[in-house]
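Enquirer: If you scroll down you'll find the structure; I have some questions about it.
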Amino acid sequence: MRRLAVLTLISLAGTPAFAQPKPIKPKSKAEAAAINAMLSAPDPDSRIKAADDLITKFADTEAKPTALYIEAEAYTMKGDNDKAIVFGEQALDADPKSYQAAVILCKTYAAITHNNDLDKAEKIAKIEKYGHTALDGLETAAKPNANLSDADWTKAKNDLMGQAYLGLGIAAVYQNKIDDANADFAKVADMDEDPTDLIRAGRALMDAKKADQAIQWFEKAAGAPNATPRIKQIAESDKTRAQAMIKK
């Protein structure tokens, strides 16, 4: 679901240049073909290979920030958080205005943060840094593809903002700022397209021994309009676990 949204933001628009505020201009047909191969690769492993090939063969390509972002996203899909962070940070170094890379970094650091981590404070600082970078960038971001309708751009932008709020909410949970966390999670519920992010919100609260606060987000996930039967099953199971924790 999100993969399609991301490709809409960076897709080629009938020319060898990206339909972005600052169009990317391949310097040769071979480079344009390599960019197209990267964008059309059907799975994470092939996207990683195509992005690596592009950067290796065309070291001065203007598409380097996009290639690095695509690698970060692909590693996220593979569950390789360490490499997602490496390539996400490289993407943001290459383009400090890459709100998509900032969202990936915010969420990935949130995913690897737990209540008893010895380096919890450092991880929280990273979550907050990248979360605010993403939100600040999205606040003023121009439509990246002229073919996107205003409605589709608003939907895509809101989804990215919702993901950033998930990370910020998790950071608040682990600082025992539960009211702030729930305020952020409410924005996730309103803006985020993926109900599994509400499950992540609830699990962070459970990890912080706030099972009573977690239940509402499992219920929201189960009741989301686009929740699949599997998502509903997982949300209900987590809700049962939270209720059992409260009874102990």
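Enquirer: Once the piece of chain linking ILE112 and ARG241 is laid out straight, how much longer is it, given 0.36 nm per residue of separation minus the C-alpha distance between them?
Expert: 44.3 nm
Enquirer: Using 7 Å Cα-to-Cβ label points, what is the ASP93/ASP152 separation (nm, one decimal)?
Expert: 3.4
Enquirer: Once the Cβ-Cβ distance between GLN175 and LYS27 is put in as r, and R0 is 41 Å, what FRET efficiency do you end up with, to the nearest 0.05?
Expert: Given R0 = 41 Å and the Cβ-Cβ separation, E is 0.30.
Enquirer: Here is a follow-up. Output the 0 to 90 degree angle, nearest 10, between the alpha-carbon long axis of helix 29-40 and the longest principal axis computed from the alpha carbons of the chain.
Expert: On a 0 to 90 degree scale, this one is about 20.
Enquirer: Would you mind getting me the FRET efficiency between ALA142 and ASP190? Use the beta-carbon distance for r and R0 = 22 Å, nearest 0.05.
Expert: For R0 = 22 Å, the calculated efficiency reads 0.45.
Enquirer: Among the trypsin sites (Lys or Arg not before Pro) in the stretch 51-134, which ones are in a DSSP loop with at most 16 other Cβ atoms within 10 Å of the Cβ? Mind listing them? Before the final figure, lay out each step's value.
Expert: On the way: sites: LYS57, LYS78, LYS83, LYS97, LYS107, LYS120, LYS123, LYS126, LYS129; in loops: LYS97.
Counting only loop positions with at most 16 other Cβ atoms within 10 Å, the trypsin sites (Lys or Arg not before Pro) in the stretch 51-134 are LYS97.
Enquirer: While we're here: To the nearest 10 degrees, how steep is helix 64-78 against the longest Cα principal axis of the chain, on a 0 to 90 scale?
Expert: Helix 64-78 sits at roughly 40 degrees to that axis.
Enquirer: Computed from these coordinates, which is Rg and Dmax of the Cα atoms in Å: (1) 29.2, 90; (2) 18.8, 66; (3) 19.3, 61?
Expert: Calculated Rg and Dmax of the Cα atoms in Å: the matching label is (2).
Enquirer: What nm distance separates the two modelled labels at ASP212 and ASN36, each placed 7 Å from Cα along Cα→Cβ?
Expert: The answer from the label model is 6.1 nm.
Enquirer: Do any of LYS29/LYS97; LYS107/LYS157; LYS25/LYS78; LYS83/LYS120; LYS83/LYS143; LYS97/LYS126 go past 22 Å between their Cα atoms, and which?
Expert: With Cα atoms farther than 22 Å apart: LYS29/LYS97; LYS25/LYS78; LYS83/LYS143.
Enquirer: Right, another one. Can you tell me the order of 198-208, 146-156 when each peptide is scored by its average per-residue count of other Cβ atoms within 10 angstrom, highest first?
Expert: 198-208, 146-156
Enquirer: Same structure, new question: For the chain, find the longest principal axis of its Cα atoms and tell me its angle to the long axis of helix 196-207, 0 to 90°, nearest 10.
Expert: 40
Enquirer: Can you compute the helix-only [θ] at 222 nm over the chain? Use -39500 (n - 2.57) per DSSP H run of at least 4 residues, normalise by all residues, nearest 500 deg cm²/dmol.
Expert: -23500 deg cm²/dmol
Every number in this text was worked out from the coordinates using simple rules, so none of it is lab data. This is a predicted model, so every value here is computed, not measured. So basically every Cβ, Gly included, is an ideal-geometry build from the backbone, and we count neighbours across all protein chains shown.
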